[in-house]
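Notes to accompany the following structure.
The values are calculated or read from the model by the stated rules, or taken from the named source; none is laboratory data. Just so it is clear, the model here is predicted, and its values are computed rather than measured. Glycine also receives a Cβ, built like all others from the backbone with ideal geometry; neighbour counts cover every protein chain displayed.
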Amino acid sequence: MNSQRTSGGFTLIELVVVITILGILAAFAVPRFVALEAEARSAATQALGGSLRSASSLSHALWLAQGQPATVSMEGTVITMVNGYPNLATIDDTLSDLSGFTYAPGTGVFSKDGATGTCTVTYAQAASAGAAPSIAVDLSSC
């Protein structure tokens, strides 16, 4: 009588080959995912810089349209104006979403949360009448 036996598992060679292939794939994939994370932080920081430029321009337009008052109201929030643009204390209130960033009102610096290096946007309020605020994006080690 011949009894046939069927095996239900993998051989050691098959397991070693699969583990080797997964190791090779991981060696190529991990650096690409790390690069994508840095690119995402850079893109988010650049987007915040653009949002600040738009928000300061919009508040300036409101200021002009309302006869140059000391404050303007944007979506129910009072924005204090200096030389026709938002001041440091209220520029963050002109933005609808700051998730992922921390704002320091004393310095005007928005820092990307989780960034290991410098990944910031700095808002400097308008220095004089007729001058626009300065908005600088620093991605030196984002």
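Within the set of pairs 6+ apart or on separate chains, which have a first residue in the range 50-77 that is without any contact (Cβ under 8 Å) to a residue 24 or more places away in the chain, a second that is surrounded by 13 or more Cβ atoms within 10 Å (Cβ to Cβ) and among the small types (Gly, Ala, Ser), and C-beta atoms under 9 Å apart?
Qualifying pairs under 9 Å: Ser57/Ala132; Trp63/Gly84; Leu64/Gly84; Gln68/Gly84; Val72/Ser59; Met74/Ala55; Met74/Ser59.
Tell me the residue from Phe33, Phe10 that is part of a helix (DSSP H, G or I) and modelled with pLDDT under 90, please.
Details: Phe10 fails: part of a helix (DSSP H, G or I).
One residue alone meets the criteria, Phe33.
Check Ser73, Ser57, Ser42, Ser99 and return the single one that is surrounded by fewer than 19 Cβ atoms within 10 Å (Cβ to Cβ) and touching a Cys at 6+ places or on another chain (Cβ under 6 Å).
The match here is Ser42.
Every residue, every condition in (1) in a loop (DSSP other than H, G, I, E, B); (2) modelled with pLDDT under 95; (3) within 25 Å of Ala35 (Cβ to Cβ), yes or no:
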position: Pro69; (1), (2), (3): yes, no, no
position: Thr80; (1), (2), (3): no, no, no
position: Asp92; (1), (2), (3): no, no, no
position: Phe110; (1), (2), (3): no, no, yes
position: Ile135; (1), (2), (3): no, no, no
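Can you give me the number of residues within the range 114-133 that are at negative phi, outside any strand (DSSP E or B) and either surrounded by 13 or more Cβ atoms within 10 Å (Cβ to Cβ) or touching a residue at least 40 places away in the same chain (Cβ under 8 Å) (or both)?
Of the residues in that region, 12 qualify.
Somewhere in the range 56-63, is a residue touching a helix residue (DSSP H, G or I) at 6+ places or on another chain (Cβ under 9 Å), within 17 Å of Ala136 (Cα to Cα), assigned to a helix (DSSP H, G or I) and modelled with pLDDT of 95 or more?
So far as the range 56-63 goes, yes, one or more of its residues are touching a helix residue (DSSP H, G or I) at 6+ places or on another chain (Cβ under 9 Å), within 17 Å of Ala136 (Cα to Cα), assigned to a helix (DSSP H, G or I) and modelled with pLDDT of 95 or more.
Can we say Ser111 is under 22 Å from Ser42 (Cβ atoms), loosely packed, with under 13 Cβ neighbours inside 10 Å and either small (Gly, Ala, Ser) or in contact with a Leu (Cβ under 9 Å, 6 or more places away or on another chain) (or both)?
Judged against the criteria, Ser111 is not a match.
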